[in-house]
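Visitor: The structure's right below; bear with me while I get my questions together.
What follows draws every value from the coordinates through simple rules; no lab data is involved. Predicted, not measured: the structure shown is a model, and the values here were computed from it. As a convention, Cβ positions derive from the backbone with ideal geometry for all residues, glycine included, and neighbour counts pool all protein chains shown.
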Amino acid sequence: MKKLYLIFYLLLIATGISRGQTPVPTSNYTTQLFSTPSTATVVNLQVNESNVSWYTTATGGTALPTSTLLTDNTTYYGQQTLNGVASARLALSVKFISPNTQTFCSTATVSNLAATPSAGAAAQWYNVATGGSPLAANTPLNSGTYYVTLPDITTPTISTFIPSVGLPWMMERLTDGTVLVRNTAQKLERYSNTGTLLNIFYTANDRVKGIKQLANGSVLIGLEGGTIIKTNADGSNPTTFATGISVPNDFAELGNGDILVTSETAGKVVKLNANGSIIAPNLVTGLSGPVGIKQSSSGKIWIAEWSGSKITQCDADGSNKITLISNIANPLDILELPNGKIVVSTTNGYVYQYNADGSNQVALASGLGYLGGLVALTPNELLVSSLNQNKVYKLTLSTRYNRVPVQVNVSNITVTTSQTNVSCNGANNGSAIVTPNGGTLPYTYNWAPNGGTAATATGLSPGTYTVTITDANSCSTTKSVTITEPSPLDIIPTGATICSNNSAILTASGADEYYWYNQVTDPTPTYVGNSFTTPALNSNTTYYVQGGKATQPRNLPTVFTGGNNHRGNMMDITAVTNLTITSFDVSPMGNTTVAVYYKTGSYVGYESNTSAWTLLGSAPVIFTGSPVTINVGNLEIPAGATYGLYITSTNSSVSLNYTNGLTPTIYADANIQLATGIGLDYPFTNGNQIYNDRIWNGRVNYKIIDCYSPRKPVNVNVSAITLTTSQKNVSCNGESNGSATVTPTGGIGSYTYSWTPSGGTAATANGLTAGSYTVTVTDTKGCSATATVIITEPAIVAAPAMVSPQNYCGSTRIQQLQTPTNSSMVWYETPTGGTPLLEFTVLQTKKYYAAQIINGCENIVRTPVDVVIDVVTPPSVNGSTTVFTEGNFTGFNTDVVYDGIDYTSVTKDFDGVLGYLIADTAKLNGSQPTRYLPQNRTILSQNIIGLTYKLQPYNQNNSMQLTSSTTNGSLVLATPSINIKDIHLLGAGGSGNTTFNATVHFTDSTSETFSNTTLNDWFHSANPEIEGVGRIWSNKIENFTTNPRLYKASLSLSKSNYNKTVADISFTHISGGILNIMAVSLEHVEEISLCTTAATLADASVTGANLKWYDSVNSTTQLPNTTLATDQNIYYVSQTINGCESLKRAVLIHLKNTPAPTAADQAYCIAENKTVADLVVTGTNVKWYANATITTPLN
């Protein structure tokens, strides 16, 4: 028997079967969830294998009966047995997470679902058993099945699996759950699934590289030298499987049993068959340090190229090689997770995860040292070896949970509503009704903010009302109803405008009835009706009107049961409140016309009195067998009044239905009362039979005023025009500049005006002469008033008494004329008309006309004054008397003088900003200037005595204008001129001082240049030649007395050029404002030569009377005639005749020192009769004198 046991034991060893070789059961979930109350047993624990026994301990103990109920927060251990060999145990935790049935009201959301998740976790709810996305917390719940689970834990946790093992490299998990790990290069050890060393699996005589368990259970061990060893599953019976493959690092078994081997040093993959024979020595080549190799679930081959830093993918036959993952530093091993993800270990301490296509790199672990082999201990646990840390680490990838079904029941209450809105603005007769469905009876109601606790809320004002409806399960819902109201009744009153002491007719619209009040608070209306006529009014008055409107049709029926008929019925109607009968429902017995009559007061006593009744109206009726509505007009009955009615058929053969033989009956509601009366044929005359106690069968349709508007003011505007006047009297006798203005108040609307005997049709009458003027003012209503204004004028201003004639020397301005003391004078060139001469006007010998101004008034008849200007000709030098010449130049290029009625009279402005000089003939917007350029265009210098300028005509180009830097222009003398000392330019800068260069050209082709000459801006600068000449600027006339101004710029020629002839002057703008040259005057000089250095001014050859010598043109200090002349000096000389001094002439003195002739002593005989002409002498134009001192030469 012992021998049999030994043989059996040896047989077990030989076949490789042991307890450790049965795989551990697997599950898709690490913790399994259940709902409560739970009847689940251990049978309900979900594993992928059958024949699993369950324990409450990891080892040992007794298997639980299959009927064992699961308990919350308990770990169970599953073990399977194959061929009598039990596996290691799988740990599964149980968690009770939620009640299996939950009931909610309709407002519940996923957040209301009950669950008891593990600490630190939150339950996730789904509406599908698998797939889908977690439901948001605010997802509304519906009745049905929901699924609850906990979120999977996906962040890996790292722990030490084997704390100490020498130089671990490749590893392999065997089918029994144990793990093979290399220790100290040549030894292969076997560890349990908890990291406990079980035994030494194999000891080699070479460094161990690759390890692989084949499908048949045998194990391949690659040695660095190129040999591959094959053992049984327990490490026994080692044999040589293959040789000649250098450094076989890893293996991959194909489905047909072939084996792929990486050869690290050869850089290739070798293919072996199941017997170890090489069938493809170069299946994949060109690899850089291949180590790990795996076949994926899709059949693709993955190769980790350590020195190539990439993962290569190819087909199982080596074709279609591509780089699956690039730029991964030193990958060593590779494996595929159950979810298809790729995990790679690297020698730089990282473990990476990728999608199946190599994308989306995620670092699962780092800092683990020089990593080697990578194996899956369980679907959720990875082992990775660290070569330099001599450890094996375990990476727990995730915790996965199942989904638990939960039945949800939702009580969903639906509500429908109806409402009656408020009938009148501000009323509280609205109502709301709710009808619930879907809940569990009975319901309770609660209205807010008010409305009670019933399904119907009444007496509601406008607003929103919310009702809370609760069913028997305490589920509730809310519904809101908004009660509206019509807009306030808004009437449109129409006021009136009347003249004083008239009545007004006031009306209104927008309502059914109108109530008129004298005051807004009066309790009783003055009048009721649409149109209200006021008494006669003399001032503005306000009345108040209120509108009333019927909002709902109403009716009062009698009966429709009687079968008797009669042609007519009389009855009484009494109004409890103000009401209007709008129509009647009648029951004729055939086709006819129905007429309705009425009278105030009861019909009793007036049954046959036709004149007491008024026809309300009639209408044809077609017999239908049913009541017919007739509209015969509205009948208004005031509150408390009784009206009699007679309703009759006008067709003698057709009657109206009534009830016979009954006691008189009262039909009434809260607003109206009908008392039945009699039957009476049509027409009602004394001969007709009266039938008592007849009840008319019909219906009275009426309306009542139940909505009222606020009282609105209605204005009566009474036109009582009051006039106030003001006036401006004529300023000067005989003028027509008076005006009168009337200001009306109290009228209606706008006014019209009519002045007589003249003055026009405006509120202000202008252009009036002295006199009386009456104005009639009429308003829009046609009401009018009149007023009278008297315009006065001052006395006539007398003509001034003037001295005439008046004599003056030359160069005199008009302001120097002799005038009466303390008088304000105005001078003209004509006896009537014309414009005043300004103070800078240069006088001529002619007749002028004087007027005086007193209190702003100028006398009408001007006083003539003869002016005589005694112009003394300057002394003659070298036959010339010319001092100044107003140069006759051409080349002016711009018209800057406004002399017309619009801007067509100019070509360009003076300053670049719409500024122009102005002439006395100008008009702008109907106005004329009071300051302007001289009418005679002559300007007398204020800086050089006697210097005058002549402006160009104002209606042509009158400025030589240069606008910007480097622009040029020239002025050309019409007749070239000689003996010029100074050239005086008249002009100014526009928009600033202007600087320019000027060059004087002579006829001999020489020239003289003057650089950086300046003309000041035409406003405010000092030393003007003329000022206050008026201008237009920015489209208005400016009459300043000191601006604008024109200035002098002088070009003083060199003495060497005095005797040259000036031809033209060229100009270049250098900087600053716009250059405007308006005129040019030439100052002349004459040269005189004196033959001795001792000559005096008296020796100068000047022809004139009473000569006076000066050292400058403006000097008033006379030089003595004995003044010694200075060579090359300029002196100024004038003559005086009849007390008038002429202009000063410029004289350039030249002193000449002539050498004495030379001669020798000569002797002659008297008989020779020699004369002084015979004397021999050296010299020119020699003159002989009798002695050295006499001045008379010898003949």
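Visitor: Could you work out the Rg to Rh ratio of region 774-845, with Rh taken as the Kirkwood radius (inverse of the mean 1/r over all Cα pairs)?
Guide: My calculation of the ratio gives 1.38.
Visitor: Moving on. Is the C-alpha gyration tensor of region 1049-1148 telling us rounded, prolate or oblate? Criteria: a/c under 1.5 is rounded; beyond that, a/b larger than b/c is prolate, otherwise oblate.
Guide: prolate
Visitor: Here is a further query. For region 278-366, rounded, prolate or oblate, judged on the Cα gyration tensor with a ≥ b ≥ c (square roots of eigenvalues), a/c < 1.5 rounded, else prolate if a/b > b/c?
Guide: In terms of gyration-tensor shape, oblate.
Visitor: What's the ranking of 380-393, 773-786, 1105-1118 by average number of surrounding C-beta atoms within 10 Å, highest first?
Guide: 380-393, 773-786, 1105-1118
Visitor: Ok, one more. Could you sort 370-377, 964-971, 735-742 so that the peptide with the highest average Cβ count within 10 Å comes first and the rest follow in order?
Guide: By packing density, highest mean first, the sequence is 370-377, 735-742, 964-971.
Visitor: Kindly state, as a whole number, the per residue volume in cubic angstrom of the convex hull around the alpha carbon atoms of region 439-558.
Guide: Roughly 179 Å³ of hull volume per residue.
Visitor: Further question on the same structure: Return, for the Cα atoms of the chain, the radius of gyration and Dmax in Å, separated by a comma.
Guide: Rg and Dmax of the chain, Cα atoms, are 67.9, 215 Å.
Visitor: Further question: What's the long-distance tail for region 495-549, i.e. % of Cα pairs beyond 12 Å?
Guide: Roughly 63 percent, once rounded to a whole number.
Visitor: What value in Å³ per residue do you get for the convex hull of the alpha-carbon atoms in region 909-1031?
Guide: Dividing the Cα hull volume of region 909-1031 by its residue count gives 141 Å³.
Visitor: Per residue of the chain, what 222 nm ellipticity follows from adding -39500 (n - 2.57) for every DSSP H run with n ≥ 4, rounded to the nearest 500?
Guide: Result for the chain: -500 deg cm²/dmol, rounded to the nearest 500.
Visitor: Let me ask another. Would you please give the FRET efficiency between Ile978 and Ala763, computed as 1/(1 + (r/R0)^6) with r the Cβ-Cβ distance and R0 = 51 Å, to the nearest 0.05?
Guide: 0.10
Visitor: Can you work out the Karplus-derived ³J(HN,Hα) for every residue in region 946-959? Use 6.51 cos²θ - 1.76 cosθ + 1.60 with θ = phi - 60°, whole Hz, and x for glycine or proline.
Guide: Using θ = phi - 60°, the values come out as x, 6, 10, 10, 10, 6, 5, x, 6, 9, 9, 4, 10, 9 Hz.
Visitor: Moving on. Using all C-alpha to C-alpha distances in region 413-483, build P(r) with 10 Å bins and read off the rounded percent in each one.
Guide: 22, 52, 21, 5, 0
Visitor: Please compare each pair in Lys1048/Lys1144; Lys1060/Lys1183; Lys230/Lys294 to a cut-off of 25 Å on the Cα-Cα distance and tell me which ones are over it.
Guide: From the list (Lys1048/Lys1144; Lys1060/Lys1183; Lys230/Lys294), the Cα-Cα distance tops 25 Å for Lys1060/Lys1183.
Visitor: As an exercise, find the ratio Rg/Rh for region 1049-1088 from alpha-carbon atoms, using the Kirkwood inverse-distance average for Rh.
Guide: For region 1049-1088, the value is 1.03.
Visitor: Could you work out the relative contact order of the chain, using alpha carbon pairs under 8 angstrom and six or more residues apart, expressed as a whole percent?
Guide: Value for the chain: 5 percent.
Visitor: Give me the percent of DSSP beta bridges within the chain that run antiparallel, rounded to the nearest 5.
Guide: That works out to approximately 90 percent antiparallel.
Visitor: Next up: For the Cα atoms of the chain, what angle does the longest principal axis make with the long axis of helix 2-15, in degrees from 0 to 90, nearest 10?
Guide: So the inclination is approximately 20 degrees.
Visitor: Further question: Go through Lys549/Lys781; Lys187/Lys341; Lys187/Lys268; Lys271/Lys394 and tell me which ones have a Cα-Cα distance over 28 Å in this structure.
Guide: Lys549/Lys781; Lys187/Lys341; Lys271/Lys394
Visitor: Okay, next question. Give me the compactness ratio for region 161-394, meaning the Cα radius of gyration over 2.2 N^0.38 Å.
Guide: Scaled against compact globular proteins, the figure is 0.91.
Visitor: Continuing with the same structure: Check the chain for me: any Cys whose beta-carbon has no other cysteine beta-carbon within less than 4.7 Å?
Guide: Cys314, Cys1091, Cys1165
Visitor: Can you tell me how region 94-164 classifies by the Cα gyration tensor, rounded, prolate or oblate, using a/c under 1.5 as the rounded cut?
Guide: It comes out prolate by the Cα gyration axes.
Visitor: Place a point 7 Å from Cα of Thr435 in the direction of its Cβ. Which residues in region 475-517 have their backbone N less than 20 Å from it?
Guide: Answer for region 475-517: 477-483.
Visitor: Here is a follow-up. Express the relative contact order of region 806-870 as a whole percentage, based on alpha carbon pairs under 8 Å and six or more residues apart in sequence.
Guide: 40 percent
Visitor: Under 17 Å Cα to Cα from Lys847, which aspartates and glutamates show up? Leave out anything in the same chain fewer than 8 places away.
Guide: Those aspartates and glutamates meeting the cut-off are Glu829, Glu839, Asp866, Asp870.
Visitor: So what's region 806-870 giving for Cα Rg divided by 2.2 N^0.38 Å, two decimals?
Guide: So the Cα radius of gyration is 1.07 times the expected 2.2 N^0.38 Å.
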